[in-house]
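Asker: Here it is: the structure, laid out below.
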Amino acid sequence: MDNQKVAYNNAYILGISFISALGGYLFGFDFAVISGALPFLRTEFALNAYWEGFLTGSLALGCIVGCLIAGNIADSKGRKPGLMLAALIFAASSIGMALAHHLTVFILMRFAAGVGVGMASMLSPMYIAEVSPPEKRGRNVAINQLTVVIGILVTNLINYKLADYGVNAWRWMFGLGTVPAALFLLGVLWLPESPRWLIKSGRIDQAKKVLNKIGNSYFVAQTFAKISTSMDGGEEKQSYRAVFAKAIRPAVVVGITLAVFQQLCGINVVFNYTSTIFEAVGANLDRQLFETVAIGIVNLVFTIIAMWQVDKLGRRPLMLIGSLGLSVLYIILAFLLQSNAQANLISVFVLLAIATYATSLAPVTWVLISEIFPNSIRGKASSVAIVALWSAYFVLVFTFPILAKWLGAFGPFYLYAVICLAGFFFVKRKVRETKGQTLEELETSLIGH
């Protein structure tokens with residue numbers, strides 16, 4: 001593409017990217033709210049280790065269903081209707097969790113929340129990738145991760161403040177989720193449909209109108225030609241079988257493996273079970289909730305650093321640094337927990353692990369998943385990868401309380417260190433750099449990836 005002739009409406013692109021990325025805020029909210037609420041839920045529902053793990057992981061089971069729904073909606077109805085439905089489901093489930101008086105009802109409502117989160121976690125990065133210029137795509141998709149961590153931080157701050165409001169504080173923690181859901185829904189109403197989906201659906205005039213808002217006439221002509229060529233019959237309904245076609249299978253394997261690795265690397269037990277980890281070294285409830293706030297702040301700062309570096313340093317170097325760094329930090333953290341070190345020292349290494357993850361595996365995995373699949377099957381291929389991600393998340397958060405009970409809070413971190421080392425070698429061997437290329441150029445170069 002001739003960059004001397006092409007010009008972009010950067011303010012417009014950034015605006016629609018941020019609105020779409022509010023889906024990430026919902027993800028961050030439901031991801032974090034459980035950490036502050038668990039001390040109350042243990043008492044409210046008399047949770048043992050198994051039910052604590054299942055209650056926490058029920059979000060992931062809903063996310064799996066949400067991804068499958070979103071994959072079909074994204075390809076048949078468009079990206080925008082899926083984002084609207086995600087917001088509605090999220091708002092309704094937040095109210096349902098807040099009002100639940102039985103464990104079964106609460107878990108069903110958390111499962112429903114997961115459906116909304118799963119839909120948004122797939123559709124928001126995909127939408128942003130499809131409306132972004134290649135040289136800014138990594139940063140823009142990482143906006144979704146930024147809103148995730150803002151959601152985590154704001155939720156942790158609210159949890160910390162609400163903790164003194166008595167035994168029903170957890171109801172307010174969950175009920176307040178209706179506020180970001182309503183704002184997200186209002187924002188999505190303003191979004192244009194993805195031009196790539198419009199072209200795929202034969203709605204050429206509408207696609208050109210959207211492309212004209214994104215860039216100048218040179219951009220419209222060249223982008224339209226490249227998208228049209230890449231579709232190659234993609235307007236026909238694609239089945240999930242097409243995702244595993246021989247030519248595409250290597251890219252799908254990379255996407256699925258990275259998605260599973262992002263979860264089984266273990267960092268999300270730190271987010272979801274902060275109170276459990278610090279309770280094991282004698283920290284009181286106030287200190288436990290304070291740690292969740294500190295984690296949220298570090299997560300936010302280093303996600304911003306990742307957004308700055310993902311289009312400069314590249315995807316692959318960040319993934320390599322992150323996986324190896326986490327492996328080393330986990331071994332140190334496990335040793336400190338095993339030796340019952342002071343909470344302050346453990347906190348330092350927890351925060352270092354969060355910083356490492358926030359600059360690497362957290363945002364870059366989502367960027368790569370949004371980039372590496374062909375236009376004609378991006379919806380379904382992305383849903384397959386993200387179903388794998390949420391399945392791995394369920395396994396991780398369900399097994400941690402059980403493993404911690406058997407092995408002590410330190411035991412699982414030795415396992416996560418080994419997984420991170422294996423992930424390092426996978427990235428080194430199988431993941432190619434994708435920065436600076438259009439989605440259509442990547443489609444050509446990654447077939448046979």
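Asker: Please enumerate the residues belonging to segment 182-225 that are open to solvent by 50 Å² or more (accessible area, probe 1.4 Å), part of a helix (DSSP H, G or I) and not aliphatic (A, V, I, L, M).
Answerer: Within segment 182-225, 190, 205, 206, 208, 209, 212, 213, 217, 218, 222 qualify.
Asker: Consider residue 395 carefully, then state whether it is assigned to a helix (DSSP H, G or I), closer than 14 Å to residue 59 by Cβ and open to solvent by 10 Å² or more (accessible area, probe 1.4 Å).
Answerer: It is true that residue 395 is assigned to a helix (DSSP H, G or I), closer than 14 Å to residue 59 by Cβ and open to solvent by 10 Å² or more (accessible area, probe 1.4 Å).
Asker: Please find, within segment 151-176, the residue that is farthest from the chain's Cα centre (by Cα) out of those that are aromatic (Phe, Trp, Tyr) and farther than 16 Å from residue 288 by Cα.
Answerer: 165
Asker: How many residues does segment 159-197 hold that are in contact with a helix residue (DSSP H, G or I) (Cβ under 8 Å, 6 or more places away or on another chain), of a type outside the set (Phe, Trp, Tyr) and modelled with pLDDT of 90 or more?
Answerer: 17
Asker: Counting just the residues of segment 32-60 that are open to solvent by 50 Å² or more (accessible area, probe 1.4 Å) and of a type in the set (A, V, I, L, M, F, W, C), which one comes out farthest from residue 406 (Cα to Cα)? Walk me through it before giving the result.
Answerer: We begin by selecting, within segment 32-60, every residue open to solvent by 50 Å² or more (accessible area, probe 1.4 Å); these are 42-44, 46, 48, 50-51, 54.
Right, trim to of a type in the set (A, V, I, L, M, F, W, C) and you get 46, 51, 54.
On the way: 46: 20, 51: 16, 54: 17 Å.
It comes out as 46.
Asker: Sort through 62, 23, 53 and tell me the only one that's within 28 Å of residue 380 (Cβ to Cβ), under 22 Å from the mean Cα position of the chain (by Cα), modelled with pLDDT under 90 and not charged (D, E, K, R). Can you show your working first?
Answerer: Numbers: 62 fails: modelled with pLDDT under 90; 53 fails: within 28 Å of residue 380 (Cβ to Cβ).
Going through 62, 23, 53 in turn, just one is within 28 Å of residue 380 (Cβ to Cβ), under 22 Å from the mean Cα position of the chain (by Cα), modelled with pLDDT under 90 and not charged (D, E, K, R): 23.
Asker: How many of the residues in segment 15-30 are surrounded by fewer than 24 Cβ atoms within 10 Å (Cβ to Cβ) and within 25 Å of residue 165 (Cα to Cα)?
Answerer: Total satisfying the criteria: 0.
Asker: Count, please, the residues in segment 153-181 that happen to be open to solvent by less than 40 Å² (accessible area, probe 1.4 Å) and touching a Leu at 6+ places or on another chain (Cβ under 7 Å).
Answerer: 8
Asker: Right, something else. Among (1) in contact with a Phe, Trp or Tyr (Cβ under 7 Å, 6 or more places away or on another chain); (2) modelled with pLDDT under 85, which single condition is residue 355 missing?
Answerer: It fails just one condition, (2).
Asker: Another question about this same structure. Kindly list, by first and then second residue, each pair from a residue in segment 100-116 that is within 28 Å of residue 71 (Cα to Cα) to a residue that is open to solvent by 20 Å² or more (accessible area, probe 1.4 Å), limited to pairs with Cβ atoms under 6 Å and residues at least 6 apart or on different chains.
Answerer: That search, which allows pairs on different chains as well, returns 111/61; 115/65; 115/89; 116/89.
Asker: Between a first residue in segment 340-354 that is within 16 Å of residue 290 (Cα to Cα) and a second residue that is open to solvent by 40 Å² or more (accessible area, probe 1.4 Å), which pairs have beta carbons less than 6 Å apart while being 6 or more apart in sequence or on different chains?
Answerer: From segment 340-354, the pairs are 349/332.
The values are calculated or read from the model by the stated rules, or taken from the named source; none is laboratory data. Computed from a predicted structure; not experimentally measured. All Cβ positions, even for glycine, are placed from backbone atoms using ideal geometry, and neighbour counts span all protein chains on display. In case anyone asks, the SASA skips ligands and DNA or RNA and just uses the protein heavy atoms, side chains included. Shrake-Rupley method; radii C 1.70, N 1.55, O 1.52, S 1.80 Å.
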